[in-house]
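Here is the structure we will look at.
The values are calculated or read from the model by the stated rules, or taken from the named source; none is laboratory data. Source: prediction; values computed, not measured. All Cβ positions, glycine included, derive from the backbone under ideal geometry; neighbour counts span all protein chains shown.
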Amino acid sequence: MSKFEALPHVVSEEPIIAWRMWQAVAVLNLFSDDIVYRLRAVSKHTEWKPRITLKADCFALVSSLAKSSNRQVSVHLIGFKHQPPDIYCKCGIYALRTKEGLFNYFVGKKMDPFKPWTVVSADKRGILPDRIMGCTVFGQVSLWGEIIEGEDGYRAQYAYPYDLTVLADDRRIADSLREQYQVDTRIELPQAHH
Ligand SMILES: [Zn+2]
C-alpha cells in the first residue's frame, strides 16, 4: 500500500495548492516555426496543455480495456469503472504537500533536477538546433474536483500549474512557459540550493 493510499478521504471542494515537478520540453510550432516549451509529467510523460485544465485519466482502466480485447479481463471491469481519482485505484493527478517533500521524493528516485538535458526526440529530423535543451521545472499546482489525500500529498481530479520555477539558466524556457501557461515563472539556479 503506497503512502498515497493511506488515510483516504475526499477533502475538498475548494482548490488546494500543492507541489509538483515537470519536464519542460521543446516543441516546434510548424505554423510559426517558433520553438515553444511545454510541460509534461516526469514519470508518465502526460502532456500538460497550456491554458487547459488537466483532467485525470485512469491508466489502470485504459490498460484493462486494452487487455479486454482478447476477452481476458472483461468481467473484472464491471464495477471497476470509476471516475479518477478512486480510493481503490492509484489514478489521479499527483502532487506533494510540501516543497521539501517534493524534492525528497525525487532525490529518492536518484534524479538530479538541476541537470539540463538535450531534447533528443524533437531533434531527430535535425530541425531543432543543438542548443535547445529541456530542463526540470517545479512549482505549485492548483488541484480541484475530487481530491484524495494521502500522508505526503494528494491525487486530484483536475489540476493546473499555479506558478513555475525553471531549474536552468535559460531565459527562453522561462519566457516561453510564462507565455504559454500564463502563470508566474522564475528561474532558480543550482547554487541557490547549496
Ligand atoms: Zn483508476
### Summary
Within segment 152-194, residues surrounded by 19 or more Cβ atoms within 10 Å (Cβ to Cβ) and of a type in the set (K, R) come out as R155
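Can you tell me which of D112, D86, D57 is among the acidic types (D, E), modelled with pLDDT of 80 or more and farther than 21 Å from W144 by Cβ?
Going through D112, D86, D57 in turn, the sole match is D112.
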#### Entry: segment 132-151, subset in contact with a Lys or Arg (Cβ under 6 Å, 6 or more places away or on another chain) and under 19 Å from A56 (Cα atoms), residue surrounded by the most Cβ atoms within 10 Å (Cβ to Cβ)
V141
### Task
Scan segment 171-184 for residues that are touching a Lys or Arg at 6+ places or on another chain (Cβ under 9 Å) and touching a residue at least 24 places away in the same chain (Cβ under 8 Å) and report the count.
5
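Matching residues to (1) modelled with pLDDT of 80 or more; (2) part of a helix (DSSP H, G or I); (3) more than 16 Å from the ligand (Cβ to nearest atom); (4) in contact with a strand residue (DSSP E or B) (Cβ under 9 Å, 6 or more places away or on another chain):
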{"residue": "M1", "(1), (2), (3), (4)": "no, no, no, no"}
{"residue": "I17", "(1), (2), (3), (4)": "yes, no, yes, yes"}
{"residue": "I35", "(1), (2), (3), (4)": "yes, no, yes, yes"}
{"residue": "R38", "(1), (2), (3), (4)": "yes, no, yes, yes"}
{"residue": "S63", "(1), (2), (3), (4)": "no, yes, no, no"}
{"residue": "H76", "(1), (2), (3), (4)": "no, yes, no, no"}
{"residue": "K90", "(1), (2), (3), (4)": "yes, no, no, yes"}
{"residue": "Y105", "(1), (2), (3), (4)": "yes, yes, yes, yes"}
